[in-house]
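Here the structure comes first, spelled out in C-alpha cells, and everything after it is commentary.
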Amino acid sequence: MTTERTVRRAAGAALTAVLLTAAAACGSSGSTSTSGASPSGAPAAGAPSSGSSSSAAAGGPKKALTVYFIPKDTQNPYEVIADAGGKMALSQLGGKVVVSSGTADTAAAQIPSIQAAIQAHANAIVIAGNDPSALCPSLNQAAQAGIKIVAFDSDVSCGASPPHLFINQANTQQIGTSEVDLLAKEIGGKGQIAILSAAASATNQNAWIGYMKQELKKYPNMKLVSTVYGNDDPATSLTVLQGLLSAYPSLRGIISPTTVGISTAAQYLDTHKSMLSHLTLTGLGLPSQMKSYVHDGTVKEFELWNPQNLGFLAGYAAAGLASGTASLKTGSTFTAGMLHSYTVLPPAGATGPSVVLGPPTVFTKANVDQFKF
Ligand code: RAM
C-alpha cells in the first residue's frame, strides 16, 4: 500500500488546457538551452504575467533565480514539454531555467550537467533520474554548494543525503495498476503479455513495473513473459519490440509505460495491422503523438498526465526551496502559481518527501483530441 495522496490536484482538462504552449517553441536542440524571464512561447491565456512577482517581499519565491532542469535526455518530446513547464514557472517568477542533459538516458550523461549547475552557482536543480543511485555523489556535491535539489518524473534514491523533494506525476501505485487493468479489460484478462519499458535503470518505470507485477496477481490467466528496454530511444525501442514479437508470436498484449516506447510500438503496429487481430497495445503516451493511432483503431486506450504541468510544479517547488518559502517538512505547503497549493507528503518506502501532481487521464477516441500535449 502506498501512502501517497493527492492533496491538491490539477482541476482536470480545463486547467490542463490553460498551461499548454507550443512545446516545440520551448524545446532544446543542443545539450544546454537557457530561457530567461521572457520565454519565446507567450504564457497561455489565463496564466499570470511573467513580470508580476514582487513575491519575495510578499513571502513568495525570490526573483532572479537560476534553476537547472536536467531531464532524462534533451530529445524526448515528453521531457521537452516538461522542461517548457519549468521555463514558464521561472519566467512567471522573474528567474530563468537552463535545460541541460545528454542525449542518452544514462546517469553518466547527466553528471556533466550537475557539474555545470555547480559551476554556474545555480539556485536549484530539477532532475529526472536515469538511475536511482548513480547520481547521488554529484547531487551531494551540488547540495554542499548550496543548491536545492528537486527530482521530477523519475526520482533518485539517495537516502537522507542530499535531502530532496520528489515531484511525482501521479500516484505511483495507481499508474502501475491502472495500466494492467486497462490491458486486462481489453484482452479479457487472458494471454501472454510483455512490457516495453524505457531504460533498465529508470526509477519511475521500475516503480510502475513493480506495481504492475503486483496487480497481475489479480489476473491468473494473464502471464508476463518478458520485459524489454528501449532506453527511450525510438530505434532501440523498435529493435527490442521486433525481438519481442518474434520471440512470442502468441503475445496478446504489450504495456509500454513510456511515451517513446508506446509511440514507437503504435507506429509499428499501424504498418502491421494484421497483428491487431491478436495483439493489444496500451501504456503511457502523449495524446499529440498517439491520436492518429487511436482514431485509426491501432490503440484504444492509454493514459498520461500533463507533462507541462509537471515541469511547472517542479519549477515552483525548486524556486520555493531556494527561497525558503517551501520546505521538505511533511504537511508543509507551497503555492505553484495557477496550479494552486500543494502539501508535502511524508516519506514512504524508497520515496522521500514528495508532492503528487494529480491523477492520470485515460485517453480514448472520445477525448484524445482535447489535449494539446
Ligand atoms: C517517457 C519517459 C518519462 C515518462 C514518460 C511517461 O517519456 O520515460 O520518464 O514519465 O515516458
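A short reminder: the numbers here are calculations on the coordinates, not readings from a lab. Fair warning: this is a prediction, and the values are worked out from it, not measured in the lab. Positions of Cβ are backbone-derived with ideal geometry, glycine not excepted, and every protein chain shown enters the neighbour counts.
Points to keep in mind about this one:
- For the stretch 339-356, the Karplus equation 6.51 cos²θ - 1.76 cosθ + 1.60, evaluated at θ = phi - 60°, returns couplings of 7, 6, 9, 10, 10, 6, 8, x, x, 8, x, 7, 8, x, x, 8, 10, 10 Hz by residue, with Gly and Pro reported as x.
- With neighbours defined as other Cβ atoms within 10 Å of a residue's Cβ, the residues His164, His295 order from fewest to most as His295, His164.
- Cα gyration tensor category, rounded, prolate or oblate, for the stretch 230-275 with a/c compared to 1.5: prolate
- Fewest-first ordering of Thr66, Thr203 by other beta carbons within 10 Å of each residue's beta carbon gives Thr66, Thr203.
- Judged by the gyration tensor of its Cα atoms, with axes a ≥ b ≥ c, the stretch 172-304 is rounded; a/c sits under the 1.5 cut.
- Once C-alpha pairs closer than 8 Å and six or more residues apart are averaged by separation and normalised to the residue number of the stretch 109-164, the relative contact order reads 40 percent.
- Scoring 171-179, 305-313 by mean Cβ neighbours within 10 Å over their residues and listing the highest first yields 305-313, 171-179.
- Global geometry of the stretch 224-361, whether rounded, prolate or oblate, following the gyration tensor of its Cα atoms and the 1.5 cut on a/c: prolate
- Residues Thr333, Thr280, Thr325, arranged from fewest to most other Cβ atoms within 10 angstrom of their Cβ, appear as Thr333, Thr325, Thr280.
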